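The values are calculated or read from the model by the stated rules, or taken from the named source; none is laboratory data. None of the values given here were measured: they were computed from a predicted structure. Cβ: placed from backbone, ideal geometry, glycine included. Neighbour counts: every protein chain shown. Areas reflect the complete protein model, heavy atoms only, side chains present, ligands, DNA and RNA absent. Shrake-Rupley method; radii C 1.70, N 1.55, O 1.52, S 1.80 Å.
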Amino acid sequence: MSALAHRSFSKMNGIGNEIVVLDLRARPVAVSAADARAIASEVPYDQLMVLQPPRTQGTEAFVRIYNNDGSESAACGNGMRCVARQVFAESASDALTFETKAGLLNCWRGASPELYTVDMGPPKLGWKDIPLAEEFRDTRSIELQIGPIDAPVLHTPSVVSMGNPHAIFWVDDVNAHDLARFGPLLENHPIFPERANITLAQIVDRDHIVIRTWERGVGLTKACGSAACATAVAAARLRRTNRTVHITLPGGELGIEWRERDDHVLMTGPAAFEFEGRLDPALFAAASS
Ligand SMILES: N[C@@H](CCC[C@H](N)C(=O)O)C(=O)O
């Protein structure tokens, strides 16, 4: 029987981004891509956040992040707020540090019990860091378009890595484009060797942006926290907004600050608990990596 059978999980959400938190710290076991897909077939999620024992002193856990197609990501803003909520519930501290494949992340609980802040670290802006398949000196606007060559539907995105790759297309109305149609084409465009999260962004004013995201490895989601961070950085780099903005996503609101003093991006928003369950052993019968 799989060592994952009967393990307890929490179903949570970060402004509608569907998150499952699986805490394996007490009895660690490796989770394969096939396991992640099997879990998604029982408890539909956008991201599975797996807490493994800490690798670095002073951290609570090493967090592995899986999309529902079984692929792994180094960053998930909404998922990290859910993880923070769960671990803060058993801690007297107001600040905790986690490790992900993208590095160490500090989290704080806010004044309101539902609000959590995650320091998502500094953005990476070089073309090799995104990564892109070819050199672009200025990643504020790269040459990429979709639709007729003389009347592109979406074009000239900004690209940013928040530990995971993001392309942000600037539009007048995020709801005027068929993201479900263009998202998969852009996610898998050869310019993105590791695929990319695709965001439509509408700047309302210098303090407010509206976004919709097609997530790599998932599809359309109600919210993508790292996309909100990437969009805030990209808009500030273009001098179209201030470095502190609020972002409206289909599932709710996030506050983002791209801090001047250390280049770090801070994301603040809620994390909601839905229910607890145990993984059905039958799920893993056919799951092999
Ligand atoms: N929902 C997330 C992003 C999750 C990872 C992404 N799909 C990827 O593969 O990079 C968020 O809140 O940041």
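Quick notes on this structure:
- The range 277-283 - phi-based ³J(HN,Hα) in whole Hz, Karplus 6.51/-1.76/1.60, Gly and Pro as x: x, 10, 6, 6, x, 4, 4
- Here the Karplus relation 6.51 cos²θ - 1.76 cosθ + 1.60, evaluated at θ = phi - 60°, turns the backbone of the range 251-264 into coupling constants of x, x, 10, 10, x, 10, 10, 9, 5, 5, 5, 9, 6, 7 Hz, with x for every Gly and Pro.
- For the pair Asp94 and Ser8, label points projected 7 Å from Cα toward Cβ lie 2.9 nm apart.
- Note on the chain: helix-only mean residue ellipticity at 222 nm, from DSSP H runs of 4+ residues weighted -39500 (n - 2.57) and normalised by residue number, equals -4500 deg cm²/dmol.
- Point-to-point label distance, Arg278-Arg181, nm (Cα→Cβ direction, 7 Å offset): 4.8
- Close amide-amide hydrogen proximity is noted between Asn17 and Ala223, each under 5 Å apart and 5 or more residues distant or on a separate chain (H modeled in the peptide plane; Pro and chain starts excluded).
- Radius ratio Rg over Rh of the range 100-165, counting only Cα atoms, Kirkwood formula for Rh: 1.17
- From the Kirkwood radius over Cα pairs of the range 183-275, Stokes-Einstein at 10 °C and 1.306 mPa s returns a whole-number translational diffusion coefficient of 115 µm²/s.
- Taking a straight line from the alpha carbon of Lys222, these lysines sit under 19 Å away, with near neighbours fewer than eight places off in the same chain left out: Lys11.
- At q = 0.14 Å⁻¹ the log10 of I(q)/I(0) for the chain amounts to -0.98, computed by Debye summation with a single uniform scatterer per C-alpha, solvent ignored.
- Bridge orientation summary for the range 109-250: considering DSSP beta bridges with both residues in this region, about 70 percent are antiparallel.
- Here Lys124 is the anchor, and the lysines within straight C-alpha reach of less than 23 Å, apart from those fewer than 8 places off in the same chain, are Lys101.
- Residues of the range 161-198 with amide N under 11 Å of a point placed 7 Å along Cα→Cβ from Ala133: 188-195
- Antiparallel %, DSSP beta bridges [both residues in the chain], to 5: 80
- In order through the range 160-171: 3J(HN,Hα) via Karplus (6.51 cos²θ - 1.76 cosθ + 1.60), integer Hz, x for Gly, Pro: 8, 9, 10, x, 9, x, 10, 10, 10, 9, 8, 9
- Candidates Ser10, Ile191, Ala232 compared by Cα position along the dipole of the chain: farthest toward the positive end lies Ser10, with charges placed on Cβ.
- If you bin all the Cα-Cα distances of the range 127-263 at 5 Å, starting from zero, the percentages per bin are 2, 11, 22, 26, 21, 13, 4, 1, 0.
- For the chain, the longest principal axis of the C-alpha atoms and the axis of helix 33-42 are separated by about 80°.
- Percent RCO, i.e. relative contact order, over the chain, from Cα pairs under 8 Å lying at least 6 residues apart: 23
- The range 236-278 and the range 38-54: distance between their alpha carbon centers, rounded to Å: 22
- Heavy-atom accessible surface of the chain: percent carbon and sulfur, 1.4 Å: 49
- Contour minus Cα-Cα distance for Ala33 and Asp172 (0.36 nm per residue): 46.2 nm
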